[in-house]
Amino acid sequence: MDATSCSGVLPQMKLSHLDHKLSIGRSCSYSRSLGFDSCLSSKRLRLPKQLTVSCSTPSDKGDMFGVSHSCKKSPVGETLCPAGVYTYAGTVESHSHTAEEKVGVLLLNLGGPETLHDVQPFLFNLFADPDIIRLPRLFQFLQQPLAKLISVLRAPKSKEGYAAIGGGSPLRKITDEQANELKKALKSKDLPVNVYVGMRYWYPFTEEAVQQIKKDRITRLVVLPLYPQFSISTTGSSIRVLQDIFRKDAYLSRMPVSIINSWYQREGYIKSMADLISKELEIFSEHAQVMIFFSAHGVPESYVKDAGDPYKDQMEECIFLIMKELKSRGINNEHTLAYQSRVGPVQWLKPYTDEVLVELGQKGVKSLLAVPVSFVSEHIETLEEIDMEYKELALESGIENWGRVPALGCTPSFIMDLADAVIEATPLATPMSTPRTISEEVDHDPARYAIKLFFGSFLAFILFFSPQMIMAFRNHLI
């Protein structure tokens, strides 16, 4: 923190059994890591009993959640707090008296087609997202035509995948179950809340969830993306949508909001992952010889190199923490990390899952346990891509014993940890602001913009004037 102490911003607080309310007094101390740059207004918020919020000094080399990180600007422009919580610069405004305080929790997820008929429009929504296909401003008029082209070309293969897992994605059902369990967990911790589900690319859309939040007159909101690690293409995209909605609405723009942008480093999450891995290892006859194979969803390499996406660094740190926990339990298996689900001819994060599986088979690995580390719910990337495509490839490559760790789903320890994350983030909520995004900053750099303009022109040329290149592009997609 920049301040010598955070006692002037968010002091050590213990809530009594009788009152269990959090009082934030007026203070003018500045702390960049918490995102407050002004005085905090007096506010009373009903919170669970025995909640303690503490802050560390610079010499602690840690943050209030026990993880050492430095503060920096996120890829969407907000202050990135050490614990992975977005707090927006500005004053904390009081909306109502304590008796009227209504806390909401918004779970964000990708969404997925529920029927085969939904597949093509779902893919269109996905590829029409400028955080998925990033075009320079001059060529943003190509966004929807390009999304239409890709979705039409890719839909047949995607339909085969969804048909193989029952005709649709189970993501909505699982996310609704997680929302219900989270609500119960928070109630058990004396924090009654309304929990909402907002999907980025299919129903219920984020916009629908926000409208329900407004209708319910929620006065304080915690946003919890169900992605352990932050990426521009996942959490970042959903935050951008929220910013657009909140900026245009007078009521929402004043609502205190905390966004838990990443939580891969939380102790409860790490231990829950280690529990699942150790349980699955026991199934193997020689579990000490099993290769632990972490497979994460990939992102284009340019996101990391050009746009500053922290996804790769966070993923690698996440694997380190999980393996550290396993080693503390006496599990010292070899492990590796690879990235799956790449689309199109551009370079994605390497190594690729399919290529690594072949290499491991060639090296004589006989037993492998796949761990879907960037997914907390079962969906097509786990049920079809890992369980079917990669399993078949692994067996063909010489791996004889295959296992797969299930997604966390509604694992009790995981849900309870999410509840703790919500409780910790609730008092940090401040009204949302809309700082300029990294995408906009990059476009204001003349050199970068010229490069993007050149490649945008080239893309337009091959799409509209070169049928041979379109066919080659089609082959890459399908």
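The values are calculated or read from the model by the stated rules, or taken from the named source; none is laboratory data. Computed from a predicted structure; not experimentally measured. Cβ placement follows ideal geometry from the backbone for every residue including glycine, while neighbour counts extend to all protein chains displayed. These area figures cover heavy atoms from the full protein model, side chains too; ligands, DNA and RNA do not enter into them. Shrake-Rupley method; radii C 1.70, N 1.55, O 1.52, S 1.80 Å.
Answer rounded, prolate or oblate for region 169-210, using the Cα gyration tensor with square roots of eigenvalues a ≥ b ≥ c: rounded when a/c is under 1.5, else prolate when a/b is larger than b/c, else oblate. It comes out oblate by the Cα gyration axes. Here the Karplus curve 6.51 cos²θ - 1.76 cosθ + 1.60, taken at θ = phi - 60°, turns the phi angles of region 283-294 into couplings of 5, 6, 5, 10, 5, 6, 9, 7, 7, 8, 10, 7 Hz, with x standing for Gly and Pro.
Here the accessible area is traced with a 1.4 Å probe on the protein chains. For region 307-388, carbon and sulfur cover 50 percent of it. Taking amide H atoms as placed 1.01 Å from N in the peptide plane, the amide H of V105 lies under 5 Å from those of N194, V195, Y196, V222, each 5 or more residues away in sequence or on another chain.
Anisotropy class assigned to region 256-403 is oblate, per the alpha carbon gyration tensor with a/c at or over the 1.5 cut-off and a/b no larger than b/c.
Give me the tail of P(r) for region 125-220 as a percent: Cα-Cα pairs with distance above 18 Å. That fraction is 65 percent. Computed with the Debye formula from one identical point scatterer per Cα of region 223-305, without solvent, the log10 of I(q)/I(0) at q = 0.15, 0.20 Å⁻¹ comes to -0.76, -1.01.
Answer rounded, prolate or oblate for region 324-374, using the Cα gyration tensor with square roots of eigenvalues a ≥ b ≥ c: rounded when a/c is under 1.5, else prolate when a/b is larger than b/c, else oblate. Taking the square roots of the gyration eigenvalues as a ≥ b ≥ c, region 324-374 is oblate.
Working note: Karplus 6.51/-1.76/1.60 with θ = phi - 60° gives region 213-221 the couplings 4, 5, 4, 7, 6, 5, 10, 8, 10 Hz, where Gly and Pro are set to x. Scalar couplings 3J(HN,Hα) for region 379-393, obtained by applying the Karplus form with A = 6.51, B = -1.76, C = 1.60 to θ = phi - 60°, are 7, 4, 5, 9, 6, 10, 5, 7, 5, 10, 5, 6, 4, 4, 4 Hz; x denotes Gly and Pro.
Sorted on the mean count of surrounding Cβ atoms within 10 Å across their residues, most packed first, peptides 204-211, 284-291 read 204-211, 284-291. Note on region 331-415: with charges restricted to the Cβ of Lys and Arg (+1) and Asp and Glu (-1), its dipole about the Cα centre is near 280 debye. Taking all protein chains together and rolling a 1.4 Å probe, V358 ends up with roughly 50 Å² accessible.
Within the accessible area of region 225-289, the carbon and sulfur atoms contribute 48%, probe 1.4 Å, all protein chains present.
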